[in-house]
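One structure below.
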Amino acid sequence: MTEFLYYRGRVALHAILRGLGVGPGDEVIVQAYTCAAVIEPLQRLQAVPVYVDIDRTTYTMDLSRLAAAVTGRTRAIVVQHTFGTPVDLDRVLKIAGNVPVVEDCAHITEPAERGPVGRTGVAAFYSYEWGKPVIAGVGGKAVVNDERLAATMREQYTAYTPPPSRREAVMTAQFLAHQVATELGVTWRLRALYRRLSRLGLVVGSYAADVAASPEYEWRMTRSVRRRLPRRTARARKQLTRRATVAARYRAGVTRLGFDVPTPVTPPLRVPVAVPDKRGLLDEAARRRLEVGDWFTTPVHPLTGADLEAAGYRPGSCPNAEWAAEHVVSFPVRADISPHDVERGLDLLDSPDAGEGPRILSGPFTDAQIRAVAEMHATEVAHGFLSSLGVPALEVLYRHVADSRHCALFLAVDGGRPVGYICGSLDTAALVREFIRRRWWVAAPALLPRLLRPGRIFRAIETLRYAQAGDDLPRAEVINFVVRPPVRGAGLAQDLFERLMDWFSEHGETAVKMVTGEQQRRAHGFYRKVGAELRGHTSIHSGAASRVYLYRTALRQQNPQTTP
Ligand SMILES: *Cc1c(COP(=O)(O)O)cnc(C)c1O
């Protein structure tokens, strides 16, 4: 048995397949309901992925379909112990004949005493990034059982280099950020945070834009991960018993609620459960700040559309994998999950999201919902200054608005689809100050390139000056209000407005101002209808005239015309 350490799990898989001599046009069998990390190495080698559908209860390869997938061009079979459920390797080896079998052990804690898992095929690979049983930063390992393969790989390994030190530093920072988030107990937002930061270019994302050109496939494990790995592995092994207890609790609860769970393994990485309304459940989990996994979201996570087809997946070819992507959520099985956490997770299964019909949500919001708000702002307030900063900057802004105690954001959804929102602040000047203090480091990369264009700086300064200008008007104000065209006139605007005015009342505000661009005719009509007074005209940006309205929150109770 020989081990080789690589930059990450997929690099280890690539090295194994390369060692096996897999090249252009060769077929490699994989299961559908996997992630792009498994397919990237094949693309890099110009090999052809052949997808085998999964079993609906184990989420691993349906072995009754394996034999039919093997052809004269098959050069390897990759089996994946999905969520930690072991594949029946004896059966795989019988079907495989002379074709080498590689085990994807990314979801397995490598046992101290070696059992059949990870030791049966010619080689196995592990991954040590976030979300895996041993978290050591980004890294991967190949464990090679076949002596000939080991010899080839040893020779090839000499050409692998450590990652450049700049990358090493970024990866170390990411690992530390993960540790901090774990300490703070905010792992429920971690995935979304990474996605957001990687869109802003602040962290290295999980999937390469160009696999063929990526230098990562020639890198060894970073030095810091290599240093950390023995300690982190020992720690993970010590936690196995506690994790088994957590898994048993989930299993008992999930079975009691009438859902299927895979054959018990001790312990799985996650407990997968197929639910009727995955989207709704994940939204509800986010609202309750519960950590529930959405992967794999497609047969080759996270690829969709043309990217999925470019990965060689033919839509409709693996119906069980597509079904699982559509329905399966998973609960984390970590040592720090308390019985209370398990109960809260199970409660989600007991109360599926209400789903249909327009509803107004008050947060906490998922990142997808915040993005939807930013996109609505960009399209519906297309000519505004903030829209000119772009959707990523708006996302940062609205995330702040949603989380700040100076503000309220209400989002209208119809059948889960965001269709409008309203937001207001008790004190916009305080909000702006707080935003600059807390978010400059997230906002800067999105904002700076756009602000550094002629004219923009002046408008930004005007916006800040406006926010700080004191006058005889109330400080409480409606910051933004959007209802998408298809749902206008359905009373939704009224409902959103009411919710925000209720919030202002609860915070002791009796009067609220609304500043609306002169050309926003629908808004003027709406404010007149609800009984707001026109208090005058202003111009926030030189040359852009606006009307200022004042609304007395007490009006709502007295004026029946304004209640829907
Ligand atoms: C995470 C993962 C990998 C590869 O991991 P990286 O270290 O990110 O390259 C491979 N297979 C599966 C099933 C995984 O979940």
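The values are calculated or read from the model by the stated rules, or taken from the named source; none is laboratory data. None of these values were measured; they are calculated from a predicted model. Quick reminder, even Gly has a Cβ in these numbers, built from the backbone with ideal geometry, and neighbours come from all protein chains shown.
For the stretch 91-116, the set of residues classified as closer than 30 Å to GLN174 by Cα and aliphatic (A, V, I, L, M) consists of VAL102, ALA106, ILE108, ALA112, listed by residue number. Looking at this structure, is TYR6 within 12 Å of the ligand (Cβ to nearest atom), under 18 Å from THR298 (Cα atoms) and buried (at least 22 other Cβ atoms within 10 Å of the Cβ)? So TYR6 does not fit the description; no. Annotation note: of THR109, THR58, the sole residue that is closer than 21 Å to ALA321 by Cα, outside any strand (DSSP E or B), away from the ligand (no atom under 12 Å from the Cβ) and β-branched (Val, Ile, Thr) is THR58.
So in the stretch 9-24, with the set limited to residues that are within 19 Å of THR161 (Cα to Cα) and among the small types (Gly, Ala, Ser), which one is farthest from the ligand (Cβ to nearest atom)? The selected residue is GLY19.
Suppose we filter the stretch 207-223 for residues that are assigned to a helix (DSSP H, G or I) and among the hydrophobic types (A, V, I, L, M, F, W, C); how many remain?
Total satisfying the criteria: 0.
Just one residue in the set ARG334, ARG270 is crowded, with 21+ Cβ neighbours inside 10 Å and basic (Lys, Arg); that residue is ARG270.
Let's see how each residue does on (1) within 33 Å of the chain's Cα centre (by Cα); (2) of a type outside the set (D, E, K, R); (3) under 22 Å from GLU27 (Cα atoms):
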position: VAL102; (1), (2), (3): yes, yes, yes
position: VAL122; (1), (2), (3): no, yes, yes
position: ALA136; (1), (2), (3): yes, yes, no
position: MET153; (1), (2), (3): no, yes, yes
position: VAL170; (1), (2), (3): yes, yes, no
position: GLN174; (1), (2), (3): yes, yes, no
position: ALA177; (1), (2), (3): yes, yes, no
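For the stretch 207-254, a tally of residues being within 25 Å of the chain's Cα centre (by Cα), at pLDDT below 90 and surrounded by 20 or more Cβ atoms within 10 Å (Cβ to Cβ) returns 1.
Kindly establish whether ILE77 is β-branched (Val, Ile, Thr), closer than 25 Å to LEU303 by Cβ and within 14 Å of the ligand (Cβ to nearest atom). No: the conditions fail for ILE77.
Please enumerate the residues belonging to the stretch 516-528 that are in a strand (DSSP E or B) and surrounded by fewer than 18 Cβ atoms within 10 Å (Cβ to Cβ).
The answer is GLY517, and nothing else.
Among the helices (runs of 4 or more DSSP H) confined to the stretch 140-201, the ones with at least 3 residues that are at pLDDT 95 or above are located at 147-157. Across the stretch 118-131, the qualifying residues are those that are surrounded by 21 or more Cβ atoms within 10 Å (Cβ to Cβ) and under 30 Å from GLN179 (Cβ atoms), and the one among them that is nearest to the ligand (Cβ to nearest atom) is SER127.
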